[in-house]
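Okay, structure first, notes after.
The values are calculated or read from the model by the stated rules, or taken from the named source; none is laboratory data. Note that the coordinates shown come from a computational prediction; the quantities given were computed from them, not determined experimentally. Cβ coordinates were reconstructed from backbone atoms using ideal geometry, including for glycine residues, and neighbour counts include every protein chain displayed.
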Amino acid sequence: MSLVRRFGPRPDAPELLALRALKLGDLLVAVPAVRALRRAHPEHELVLAVPEWLEPVVALVGGVDVLLPTRGLDDPLPVEPGRVDVAVNLHGSGPESRGLIALLEARREIVHHVDGWEGGTPWVHGVLERVRWTRLLADHGIPADPDDVGLLVPPVEPVARGAAVVHVGAFYGSRQWPVDRFARVARALADEGREVLLTGSAAEGPRALEVAALAGLPQAAVVAGELGLTEFAALVAAASLVVSADTGAAHLASAYGIPSVVLFGPAPPEEWGPPPGPHVVLTDASVRRGETFAPDPDPALLAVTVDDVLAAVRSLDGVAPRPPAVDLAPAAPGAAVPAP
């Protein structure tokens with residue numbers, strides 16, 4: 001049954017709405033907060049305002065009752081004022097997201113405080129994104145664990161089990177590690193006897209085909225653009241290794257505890273890095289330019305060499321997946337709030 005709903009009659013249960021109108025990786029780092037909201041408000045209908053295309057992954061979070069399609073922050077949410085009981089801004093602290101939450105006229109708001117807005121938790125720059133949102137909830141008395149990133153395993157058979165997934169794509173040029181380097185990594189993994197699959201979006205299919213050609217891999221190794229989100233999550237959940245830039249693929253590897261090598265730049269791993277687990281982060285902060293929307297790879301990303309990646313892969317040899325637990329049980333009365 002689809003989670004997507006254009007708001008109709010008011011449900012019998014009170015509604016809790018959380019806003020996070022961003023991309024896949026952004027949704028995945030907000031999972032600890034979403035799950036904490038579910039446990040803290042078991043009597044509420046939990047509404048997640050996110051882009052509709054994320055529905056397959058929202059279903060894997062567990063406990064979300066409704067997906068309210070939200071493409072961005074330009075238009076008010078299609079919810080009449082006063083309908084929502086609790087409104088939570090998991091999107092940001094700017095006037096656009098704060099304004100959308102204010103228009104809901106909810107009984108209770110959980111938001112960050114910024115200049116010009118009264119109330120809420122102070123916004124702090126440079127903190128781990130998962131901690132940012134769990135600290136916001138903790139300030140409102142809601143127990144939340146920033147490492148509670150696990151997802152449910154998709155109910156489909158993956159296209160491969162035990163594959164080495166090399167995710168060659170990234171939405172912005174600033175995160176695109178060179179094709180020839182991905183090809184050398186893929187070739188080395190294949191020479192070790194691993195099944196290598198090259199993933200990415202449909203738009204990144206040509207990039208994946210180029211990697212395959214340079215690596216001498218068959219076209220069948222390219223599944224970029226061929227998998228829906230459910231099938232992609234299933235592939236990652238069943239993988240033996242994931243190599244990726246700082247993208248949704250890397251966050252899926254964290255969600256399933258799959259050994260991963262994550263190449264960072266321009267975003268710092270101190271803010272977007274994985275939770276404890278079988279994950280190796282590679283970057284060079286000393287040369288980071290940090291321009292998210294730059295068309296060319298960030299120097300911190302380019303500083304990562306093929307040898308660096310292969311050494312990281314070797315360090316993970318023999319490390320088994322360690323999937324985080326998925327616990328949706330309500331918190332016990334009086335439960336301690338984890339320190340941020």
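Do we have Gly248 as buried (at least 23 other Cβ atoms within 10 Å of the Cβ), under 16 Å from the mean Cα position of the chain (by Cα) and of a type outside the set (A, V, I, L, M) here? Yes. For segment 173-241, the helices (runs of 4 or more DSSP H) that sit wholly inside it and include 2 or more residues that are under 26 Å from Ala320 (Cβ atoms) and not aromatic (Phe, Trp, Tyr) are 179-191, 229-237. Considering only residues in segment 298-327 that are over 27 Å from Ala163 (Cα atoms) and touching a Pro at 6+ places or on another chain (Cβ under 7 Å), the one that is surrounded by the fewest Cβ atoms within 10 Å (Cβ to Cβ) turns out to be Ala300.
Would you mind stating whether Phe232 is surrounded by fewer than 24 Cβ atoms within 10 Å (Cβ to Cβ) and aromatic (Phe, Trp, Tyr)? The answer is no for Phe232.
Checked across segment 31-48, the condition of being assigned to a loop (DSSP other than H, G, I, E, B), in the same structural domain as Ala102 (by TED's automatic domain parsing) and within 30 Å of Ala170 (Cβ to Cβ) holds for no residue. Output yes when any residue across segment 185-202 is touching a Gly at 6+ places or on another chain (Cβ under 6 Å), aliphatic (A, V, I, L, M) and surrounded by fewer than 21 Cβ atoms within 10 Å (Cβ to Cβ), and no when none is. Checked segment 185-202: at least one residue is touching a Gly at 6+ places or on another chain (Cβ under 6 Å), aliphatic (A, V, I, L, M) and surrounded by fewer than 21 Cβ atoms within 10 Å (Cβ to Cβ). Looking at Arg161, Arg207, Arg175, just one residue is closer than 30 Å to Ala59 by Cβ and in contact with a Pro (Cβ under 8 Å, 6 or more places away or on another chain), and that residue is Arg175. Is it the case that segment 119-129 has a residue that's of a type in the set (A, V, I, L, M, F, W, C), farther than 24 Å from His251 by Cα and loosely packed, with under 15 Cβ neighbours inside 10 Å? There is no residue in segment 119-129 that is of a type in the set (A, V, I, L, M, F, W, C), farther than 24 Å from His251 by Cα and loosely packed, with under 15 Cβ neighbours inside 10 Å. For segment 55-72, which positions are assigned to a loop (DSSP other than H, G, I, E, B), within 14 Å of Leu22 (Cβ to Cβ) and modelled with pLDDT of 95 or more? If the condition is that a residue be assigned to a loop (DSSP other than H, G, I, E, B), within 14 Å of Leu22 (Cβ to Cβ) and modelled with pLDDT of 95 or more, then Thr70 is the only one that fits. Is it true that Val326 is outside the structural domain of Val64 (by TED's automatic domain parsing), at negative phi and not in a strand (DSSP E or B)? Spelling it out, Val326 is indeed outside the structural domain of Val64 (by TED's automatic domain parsing), at negative phi and not in a strand (DSSP E or B). Scanning segment 141-172 for residues that are without any contact (Cβ under 8 Å) to a residue 60 or more places away in the chain and either in a helix (DSSP H, G or I) or touching a Phe, Trp or Tyr at 6+ places or on another chain (Cβ under 8 Å) (or both) turns up just one, Val168.
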